[in-house]
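The values are calculated or read from the model by the stated rules, or taken from the named source; none is laboratory data. Treat the numbers as computed from the prediction; the structure is a model and nothing was measured. We place every Cβ from the backbone using ideal geometry, glycine too, and count neighbours over all the protein chains shown. Ligands, DNA and RNA are stripped out before the accessible areas are found, and what is left, the full protein with its side chains, is counted by its heavy atoms. Shrake-Rupley method; radii C 1.70, N 1.55, O 1.52, S 1.80 Å.
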Amino acid sequence: MLDAMQWAIFTAAFLAAGVEWVEAFTLVLAASVSTNRRSAIVGALLALAVLALLIVTLGVALVTLVPLEVLRFVIGFLLLLFGLKWLKDAIQRYTGLKRKRDEEAVFLSNVDTAPARPSPEESIDSFGVLLAFKGVLLEGLEGAFVAISFAGGGMGALAAASLGVASAAVVVVTVGTFVQAPLRRIPENTLKFVVGILLSAYGTFWAGESYGIEWPLADLALVLLGLGYLFASAILITTIRNRTTEVVTEPVP
């Protein structure tokens, strides 16, 4: 049974991996349409096996071989940098400085650039396998990194994060299989914004603990850190939007 901290880690990993699995599913669907379903499934399963091996071996090695304080110092700052990167991307999209990702456009682009080589369902097409493998591996690496990063909280945190990543994959595949189309209605930027706040809060919390900081309210300090990042991001989004509006409406001399 997961405790409160592990449930929070599960949620953060689930949301972070969910975004990446949506993007990976788009590429697997493109491989399925371009070649055949079997080739896409084989490529995706091979990539998932590589990612699972990476999480288990590297995550367990970090927990068992690296001192906890050193691990929290390194992982804390990596999580913080990773979270701030996601926050930056989300803020840029909210303010119009960066275009939002369109899963349907990505899907059509991959289908259009793929060679016209639909294969019989019983055969294995190397192009379809490679396209699905590359898509799942590259997109899934970020989710795997998030799971491994939570090794800073010990074996229980690593297990909760791994469960979150796996659960997100099951949900995305189930929904995607049912609709048989790119999952373009999922609020990807909102998810990235929330995950950016969660990862930044965890990164700050663990990096601070590695420096000997005793956070007030213990684990509940994570909530305060998250609210702080949310408040700062809201101010930044509002400021950028206001300045952009002023530039657009400013009369030309």
(message) Taking the conditions exactly as written (at pLDDT below 80, more than 18 Å from A8 (Cβ to Cβ) and open to solvent by less than 10 Å² (accessible area, probe 1.4 Å)), does G128 satisfy them or not?
(response) yes
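Working carefully through the options F73, F77, find the one that is of a type in the set (F, W, Y), at pLDDT 75 or above and under 21 Å from the mean Cα position of the chain (by Cα). Explain how you work it out, then say what you get.
Values: F73 fails: under 21 Å from the mean Cα position of the chain (by Cα).
On inspection, the qualifying residue turns out to be F77.
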(request) Residues being modelled with pLDDT of 75 or more and closer than 18 Å to K88 by Cβ: count how many of those fall in segment 174-217. (result) 16
(message) Give me the residue from segment 6-57 that is among the polar types (S, T, N, Q) and more than 15 Å from the chain's Cα centre (by Cα) and, out of that set, modelled with the highest pLDDT.
(response) T57
(request) Tell me, yes or no, whether segment 199-210 has at least one residue that is open to solvent by less than 60 Å² (accessible area, probe 1.4 Å), more than 19 Å from the chain's Cα centre (by Cα), among the charged types (D, E, K, R) and over 30 Å from L29 (Cβ atoms). (result) yes
(request) Can you tell me which residue within segment 35-45, out of those that are buried (at least 16 other Cβ atoms within 10 Å of the Cβ) and either free of Cβ contacts under 8 Å to residues at least 60 places away in the same chain or touching a helix residue (DSSP H, G or I) at 6+ places or on another chain (Cβ under 6 Å) (or both), is nearest to A201 (Cα to Cα)? (result) A44
(message) Against the definition (farther than 27 Å from F14 by Cα and surrounded by 13 or more Cβ atoms within 10 Å (Cβ to Cβ)), how does T244 come out, yes or no?
(response) yes
(message) Anything in segment 1-43 that is acidic (D, E) and assigned to a loop (DSSP other than H, G, I, E, B)? List them, or say none.
(response) D3
(message) Restricting to segment 6-33, name every residue that is among the polar types (S, T, N, Q) and open to solvent by 10 Å² or more (accessible area, probe 1.4 Å).
(response) Q6, T11, S32
